[in-house]
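Working notes for the structure below.
The values are calculated or read from the model by the stated rules, or taken from the named source; none is laboratory data. Only a predicted model underlies this, so the values are computations on that prediction, with no experimental measurement involved. Note that we place each Cβ from the backbone using ideal geometry, even for glycine, and neighbour counts take in every protein chain shown.
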Amino acid sequence: MTPAQQLRKGIETCELRHPMFVGHLAELEARIDDALTGFEPKIIRVPGPSRVGKSSLITSLSRSHPANRIDGRRHVPVLVVEVPVSATAKLLPRSVLGALGVLVPPSMTAGVMFDLMATQLRLAGTRVVIFDEISHLVDEGSRVPPRAASDWLKALSDKLGITLILFGIPRLERLFSANEQLRNRACPALNFSPYDATEADEMRAYMSCVAEYARRFSAAGYPIDVSNRVLTQQCYLLTGGLIGVLAHFMRELARAVKSEAPRAITYADCQKATKSISHAGSPNRLAFEDSGISDADVEPAALRQAYVHVLQTNAASVPIRKKSGGKQ
């Protein structure tokens, strides 16, 4: 494998355990441990914009709690279910059964399918079900009213005593606003948000992610010849604080030297890499669009605008910034 290929492989397989990821992972692992130990089941929701890193959380949780066999029977303590687009009351149990590897006849009614799902979950010893993209239930034009969808989730948790972890874009909150019983049974939302450039701690966390990628480039023989400050600010304009978009950008940056011997990565390389990914920040100020000669700071308003644009395009509310002294 050439140095360029080693760089690409290292960047593609890099899992950044940044502060927000680590904090959310620890909270979810604790909830799963409670469920597996036999404590009261909970309903936890993790709303967040696309490309914030929800899939990485699910992958980590699934990897920590793999299926196994006990006395020859498949044991699935933690089950991950992908909710299909335009899901219906009949597709939901079918999706759960599919995740368990159980084939279902097309003619089976929704009620019979729910009972079969309950039986199979008990046989598999499932104590936690993670629903990925649960917000599909409340997509625009969905055939399932939010109340009916939330009733289904409540019934699943109540009848089987199973902990539910629900991932999706912020629209998933409609499931809880439509059903006070589901809302009262659930924990407060564990929001997975992009890093806010106006919050010093969050910007430091984001900067540490950029620095870790830069360190990996340098260790592979391809140092990024852009100051850390400039690189961080330009990456923030591009990503609006989304670590998933940052990871995509870094993969494309590594791809830019796919057939070259070790050399410095230039500002022009960064500009080229941005052409291959969707700009998540504000369209009013694009990243790496200048010549790269100036070392001037990006104005705070532009960084804030990138963050706000990410939230607004994902139907998420924009938090009110703290004033000096910590007052609102």
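Observations
- Just one of the listed residues (82, 140, 40) is at pLDDT below 90 and of a type in the set (Asp, Glu), and it is 140.
- The criterion of being crowded, with 18+ Cβ neighbours inside 10 Å and within 20 Å of residue 161 (Cα to Cα) holds for residue 44.
- Taken together, the criteria place residue 109 among residues that are outside the structural domain of residue 282 (by TED's automatic domain parsing) and out of contact with any helix residue (DSSP H, G or I) (no Cβ under 9 Å at 6 or more places or on another chain).
- Taking (1) in contact with a Leu (Cβ under 6 Å, 6 or more places away or on another chain); (2) touching a residue at least 40 places away in the same chain (Cβ under 8 Å) in turn, residue 150 satisfies each apart from (2).
- For residue 161, the conditions (1) in contact (Cβ under 8 Å) with a residue 60 or more places away in the chain; (2) within 24 Å of the chain's Cα centre (by Cα); (3) within 25 Å of residue 128 (Cβ to Cβ) are fulfilled apart from (2).
- Members of segment 251-279 that are under 25 Å from the mean Cα position of the chain (by Cα), outside any loop (DSSP other than H, G, I, E, B) and not β-branched (Val, Ile, Thr): 251, 252, 253, 254, 255, 270, 273
- Single unsatisfied condition, residue 129 versus (1) in contact with a strand residue (DSSP E or B) (Cβ under 6 Å, 6 or more places away or on another chain); (2) in a helix (DSSP H, G or I); (3) of a type in the set (A, V, I, L, M, F, W, C): (2)
- Scanning segment 280-324 for residues that are farther than 23 Å from residue 171 by Cα and part of a helix (DSSP H, G or I) yields 300, 301, 302, 303, 324.
- The lone criterion from (1) of a type in the set (A, V, I, L, M, F, W, C); (2) touching a Lys or Arg at 6+ places or on another chain (Cβ under 7 Å); (3) without any contact (Cβ under 8 Å) to a residue 60 or more places away in the chain; (4) within 29 Å of residue 21 (Cα to Cα) left unmet by residue 167 is number (3).
- Residue, farthest from residue 29 (Cα to Cα), within segment 93-126, restricted to residues that are part of a helix (DSSP H, G or I) and hydroxyl-bearing (Ser, Thr, Tyr): 119
- Residue check, residue 85 touching a residue at least 12 places away in the same chain (Cβ under 8 Å) and assigned by TED's automatic domain parsing to the domain that holds residue 175: yes
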